[in-house]
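The values are calculated or read from the model by the stated rules, or taken from the named source; none is laboratory data. This is a predicted model, so every value here is computed, not measured. Neighbour counts are summed over all protein chains in view; Cβ atoms, including those assigned to glycine, are modelled from backbone coordinates with ideal geometry.
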Amino acid sequence: MKKAFPFIAVVLATLLTGCEPEQNQRKSSGGSDNVVDDIEPIIVPMFEGFWDGETVEPNNVASPLTTRLYMQDGEVFVLRDDQAMYGDVEVMPDGRLELDVDIFPFLDEDDSNQAYVAQNSNVSLQIPVLILQDDRLVANYLLPDGTYGDFEVMADGVMDDDLDIDDVAGDWQSVDGELFVNDSGVFIGNIHTATIGCQFEGFLIDANPGRAILDLEITRQNCVSFNVTAEGYAVIDSEGHLEFYARENLQLLFMKFEPVIATIPTGTDTGTSTSTGTGT
């Protein structure tokens, strides 16, 4: 089962050397600046983007597991072949990241349409993550049930690009799904099969000028699960696919669409044979 959802290099030097807030300075109760008593985490909202790689769990028959992280404004979404995670991400004064996440087993998996809903298991996990070369993350972890593993992911750099409504306006699709976005960012869509009539609507807002992200509000009905209104993010990945990440209460939603390729009528002299319907 493959769920590879096909972040920016982060410059931490100014945050980690001499620019810490006073409450984050290394101080002991005796007044020395060389001993650490309590270190408050530094939250870095602009630490954002996609990271792709794999997780290895030696006692998991499905290992290695394709792993994708998406971080935005202190939030982190993790999508693996076997489950999802969601929580907070912080940059610690020692230069590592800390992921404070809950584990979300899949409630609804639609591999054909790359649409997934995950439910909070109330199992929490703190993962210290080492940053290498500003574009590579590595970590070990241990779960309460004894499961252990490690992961390595690389920044894909797509967040260096700006994204606005014009870039997503048009027609998108999955195997059984359709998504239509107008020039104002309003959208409707569906995943219609012989057994499922999942329908959804909402809007995209360019609330982050100069950043490769749109705010998302989506309402779903008649789906297997996640029939609610939720907020999240919409982004275009490095392969040109439109991805939705949303959360409502104890559930996560992941959706992915590819652009519809419109065939140019025979005899039309355009210099090309195809064009995309995404405004790009």
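When D162, D171 are checked against the criterion of being of a type in the set (D, E) and at pLDDT below 95, a single residue qualifies: D162. State whether the residues of segment 156-163 include one that is β-branched (V, I, T), part of a helix (DSSP H, G or I) and out of contact with any Gly (no Cβ under 6 Å at 6 or more places or on another chain). Within segment 156-163, one or more residues are β-branched (V, I, T), part of a helix (DSSP H, G or I) and out of contact with any Gly (no Cβ under 6 Å at 6 or more places or on another chain). The set of residues from segment 218-252 being surrounded by 20 or more Cβ atoms within 10 Å (Cβ to Cβ) and either in contact with a Cys (Cβ under 8 Å, 6 or more places away or on another chain) or among the acidic types (D, E) (or both) comprises R220, C223, E243.
The condition (being surrounded by fewer than 20 Cβ atoms within 10 Å (Cβ to Cβ), modelled with pLDDT under 95 and out of contact with any His (no Cβ under 8 Å at 6 or more places or on another chain)) is satisfied by just one residue among I188, I196, I213, I205: I196. Here E217 meets each of (1) touching a Gly at 6+ places or on another chain (Cβ under 7 Å); (2) closer than 15 Å to F257 by Cβ with one exception, condition (2). Consider segment 142-155 and keep the residues that are part of a strand (DSSP E or B) and aliphatic (A, V, I, L, M). The one that is surrounded by the fewest Cβ atoms within 10 Å (Cβ to Cβ) is L142. The residues in segment 217-239 that are in a loop (DSSP other than H, G, I, E, B), more than 15 Å from Q114 (Cα to Cα) and of a type outside the set (A, V, I, L, M, F, W, C) can be counted, and the count is 3. Being surrounded by 16 or more Cβ atoms within 10 Å (Cβ to Cβ), modelled with pLDDT under 95, over 19 Å from V224 (Cα atoms) and assigned by TED's automatic domain parsing to the domain that holds E48 holds for only one residue in V91, V78, and it is V91.
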